[in-house]
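Just below is one structure, and these are the notes that go with it.
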Amino acid sequence: MERVRGERALITGMLVDAVGTGMYVPFSLVFFQRVTGLSLTVIGAALTAAGLLGMAALPLTGAAIDRFGAHRCRQVVYLVRALGFLAFPLGTTPAAFAAIALVTSAGERAFPATQQALIGEISQGAQRDRLLALGRSVANAGLGAGGLLAALVITLAGDSGFLIAAWINAASFLAAALLAARVRPGKTDRAAVRTKTRYSDVLKDRPFAGLTAANFLIALGYAALSMLLPAYAVEQLDLSDSIAGPLFAVNTALCAFAGLPVGRLARRARRRTRVAAVGGLIFTGAFAGFALIDGLPRHVLVVALFGLLVVYTVGELVHNPSAGALSVGAAPEDARGRYLATYQLSWGLSSAVAPSLFTALLAVDGRLPWLALAMTSTAGSALLVWLEPRLPADAVYTTPPAPVAESGASQTQPQPAADAHR
């Protein structure tokens, strides 16, 4: 398959961005404590509030993408994130830290919508699935490399290593922006395609609203790796606190190295709805397994835990690129920004809901969160299949169905809801 124009610069920028981000993600709370000198309680409260308020940036981002184009908006978001991390050492009071955290959170929330919209602008058909899978693999490789680099910097430089990591992360955003400047989307007359679509119109688009709801149900499972699995392993299965590190390492390594081969296999199925649904059902199997392993002998338990983590990761690799390409294809070109910003709310809401949902269910029974996730991922998968005939054909299929000749004449069969909702 041919590369799209500017692909090398785009992917290299993703890698640089991910390395910088990986330098603070594994140490986020300690990172901010060392850089700002504030207490963990204050930092945690400020980050939670900033994360929720930062979701307000999504509607503004969507409107900006439709008006100015995804490429320009993505560059602005990179600069906002860079300035945020450069400013963190100034956040030595709760108010200042909260303000800086809000800016960086808004940039972080806005970025996926600009990324997906840009991929939608520069690629078509199966190329979108490939680019999304490649981007995810590169991002995971970068996050892992960034974490190792941060550990080295902190080991050599002590507490000042956290400040160095903040500067490197800011520099990574600037470098990614410079690389992305080489990406040249096709020229579009923004005034000619300026949409009259409003967010109320997006919400009235029932197939796309259903697609967003399906993603929310499945996206809850993505939060399980960081929020639920470590707590379950330690509290319910009575394993060591250190188990979280190897679990994350296995997941990251598999995402980095198995993403492209799994993506190639998934694209053979052609229907993105069914591929994404299969990914959700693989999640279901993993979640059911996690609920059932309590009580196994300890040596078997650890093996089962890592085996189920592999199954979980395969579900992630199968679902994510197809679901992303499905959302890009289902969004009308002249309103893609608003549509994808709305779709990204499903990820934001799942991240916001997951902590309280998981902790409440864990307090009752350690198996309940996994059973709840098994039900939500199954429901999300079923909804994707139900939506298939209601979504545009070029969203559902990596390659649209060929016309079928009947009675000696070449006729085109009706395609599933061909742009009916646009």
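Residues in the range 74-92 that are β-branched (V, I, T) and in contact with a Leu (Cβ under 8 Å, 6 or more places away or on another chain): 1 in all. Among all residues of the range 65-87, there is at least one that is aromatic (F, W, Y), under 24 Å from the mean Cα position of the chain (by Cα) and buried (at least 18 other Cβ atoms within 10 Å of the Cβ).
Yes/no per residue for (1) farther than 23 Å from A181 by Cα; (2) touching a residue at least 12 places away in the same chain (Cβ under 8 Å); (3) of a type in the set (G, A, S); (4) outside the structural domain of G135 (by TED's automatic domain parsing):
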site	(1), (2), (3), (4)
L10	no, yes, no, no
Y24	yes, yes, no, no
T36	yes, yes, no, no
L47	yes, yes, no, no
A63	no, yes, yes, no
H71	no, yes, no, no
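What about S226, is it among the hydroxyl-bearing types (S, T, Y), under 21 Å from the mean Cα position of the chain (by Cα) and in a helix (DSSP H, G or I)? When the stated conditions are applied, S226 passes them. Within the range 220-260, no residue satisfies the criterion of being more than 16 Å from L308 (Cβ to Cβ), touching a Pro at 6+ places or on another chain (Cβ under 7 Å) and at pLDDT 85 or above. Pairing each residue of the range 358-372 that is farther than 16 Å from L308 by Cα with any residue that is hydroxyl-bearing (S, T, Y) and at pLDDT below 90, provided the two are 6+ apart or on different chains, yields C-beta distances under 9 Å for F358/Y232; L362/Y232; G366/Y232. Surrounded by fewer than 17 Cβ atoms within 10 Å (Cβ to Cβ) and assigned to a helix (DSSP H, G or I), is that true of L179? Considered against the rule, which asks whether it is surrounded by fewer than 17 Cβ atoms within 10 Å (Cβ to Cβ) and assigned to a helix (DSSP H, G or I), L179 comes out as no.
Filter the range 251-267 for residues that are over 22 Å from M14 (Cβ atoms) and either crowded, with 19+ Cβ neighbours inside 10 Å or in contact (Cβ under 8 Å) with a residue 24 or more places away in the chain (or both) and give the result. Result: no residue meets the conditions.
The values are calculated or read from the model by the stated rules, or taken from the named source; none is laboratory data. These numbers were taken from a predicted model, which means no experiment stands behind them. Positions of Cβ are backbone-derived with ideal geometry, glycine not excepted, and every protein chain shown enters the neighbour counts.
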